[in-house]
Amino acid sequence: MDEADFEARQAHPLRRGRMLALDVPLAAVLVAVDVVVAGNMLKDRPDFTPLFLASCLVAVALGSVVAVRRLWPRRALATAVALSSAAAAAGVLWDPFAATALVLGTVATIAPPRRSARALGGCVAAATAAAAVAQTVHPRYGLGAAAGWTAAAWLLPAGGWLAGYLLRRRRWHAACVQEQRARQILADERLRIARELHDVVTHGMGLIAVKAGVANHIAEARPEEAVEALRVIETTSREALAEMRRLLQMLRRDGVPGTDLSRAGIDGLEDLVERVRAAGVEVELAVSGEHELPEALRLTVYRIVQEALTNVAKHAAPTHCRVTVGVTSRQVGIQVVDDGTARTAPEPGPGGHGLVGMRERTAMYGGAFSARPRPEGGFEVTATLPYSRGGGR
């Protein structure tokens, strides 16, 4: 993740607005503590009134800076350091840079560590200089008290910086994990689109190849059937191109998750069967069950049947084929059986195509898949896809 993007996220108005509601009470508590401490420290002084009023003004100013530290963190830090240093040197502040520590913690959560570490060094240097000036101009306290105040002025900003740094590191890791998850979702979606594109191309080109072979063999003997075959080729190619264009548009839009990639589903099986019948396969379709299925599962059923029928058209046409889809409240059963001559399973292509693609789709739902030649001839593909009523997978 880029540092600028992360810093922009931390400075988002919504985040700042929520934290501002916490900063105002914190600033009020800081003002009250500074005023009480100033009153106790100055109560025996003959010039109590002017010094106490000056301490109250400084306390209110520092509290205001703490209250708005989320809005302008760098300006707030510079103001807090300047006010605290001047007040400490003038002898009207007994707060060892507590306001500076709070603002520095905010800066450390937003700015890169090197930049915030330089700010910490500047705060420590300012506190040291203010303590030295105060001890020289107002030598009313012993060296021990001055050294203790200086040490506190070092530790408080250092503690504020460390807390801010750790919080920033935690937020950074959380943002990286979120970004990585978003990229993984995008990659999975693009892979799903690519698989849909493969299914479209394989099915369409398979039917076109079958019909083109038929037209080539009967062109002279039965020209009217050749014309019909060419009409099927034209229709199939147009449908395949239209779906390919839609899928490619999704890819160009980076595959937005949740997009309806295809209108195919169980309701589209009739259209699919009609196209396969035009390729010379006599198909019987039987769909039972009225249960509502998740959209992704409907698409999976469609694609498995599509791939199985494409294999029948490519390897067994002309033949008779039976497609059975049974939907219950817990699973979907698919069976595609053809009566062609017994043969071995077609070789799957690389990258999970063909039978491997059907097997992978079934495995996504924890189902069972089988593809085997039948002893009496032909080939059988079966798949069982379990799902839950609450939305499934």
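The values are calculated or read from the model by the stated rules, or taken from the named source; none is laboratory data. The structure presented is a predicted model; accordingly, all values stated were derived computationally and were not measured. Positions of Cβ are backbone-derived with ideal geometry, glycine not excepted, and every protein chain shown enters the neighbour counts. We work out accessible area using only protein heavy atoms, side chains counted, and drop any ligands, DNA or RNA first. Shrake-Rupley method; radii C 1.70, N 1.55, O 1.52, S 1.80 Å.
If you check VAL305 against the conditions, is it free of Cβ contacts under 8 Å to residues at least 60 places away in the same chain, within 21 Å of ALA209 (Cα to Cα) and surrounded by 21 or more Cβ atoms within 10 Å (Cβ to Cβ)?
Working: free of Cβ contacts under 8 Å to residues at least 60 places away in the same chain: yes; within 21 Å of ALA209 (Cα to Cα): yes; surrounded by 21 or more Cβ atoms within 10 Å (Cβ to Cβ): yes.
Yes, satisfied.
The single condition among (1) within 23 Å of ASP271 (Cβ to Cβ); (2) part of a helix (DSSP H, G or I); (3) modelled with pLDDT under 80 that VAL301 does not meet is (3).
Results for (1) of a type outside the set (A, V, I, L, M, F, W, C); (2) at pLDDT 75 or above; (3) surrounded by fewer than 14 Cβ atoms within 10 Å (Cβ to Cβ), shown as yes or no for each residue.
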| position | (1), (2), (3) |
| --- | --- |
| ARG181 | yes, yes, yes |
| ALA187 | no, no, yes |
| VAL201 | no, no, no |
| VAL210 | no, yes, no |
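Here is a check on your reading of the model: is ARG74 over 27 Å from VAL137 (Cβ atoms) and assigned to a helix (DSSP H, G or I)? Considered against the rule, which asks whether it is over 27 Å from VAL137 (Cβ atoms) and assigned to a helix (DSSP H, G or I), ARG74 comes out as yes.
Entry remark, region 29-88: residues being among the polar types (S, T, N, Q) and without any contact (Cβ under 8 Å) to a residue 24 or more places away in the chain number 3 in total. Scanning region 67-100 for residues that are open to solvent by 20 Å² or more (accessible area, probe 1.4 Å), over 21 Å from VAL24 (Cβ atoms) and not small (Gly, Ala, Ser) returns VAL81, TRP94, PRO96.
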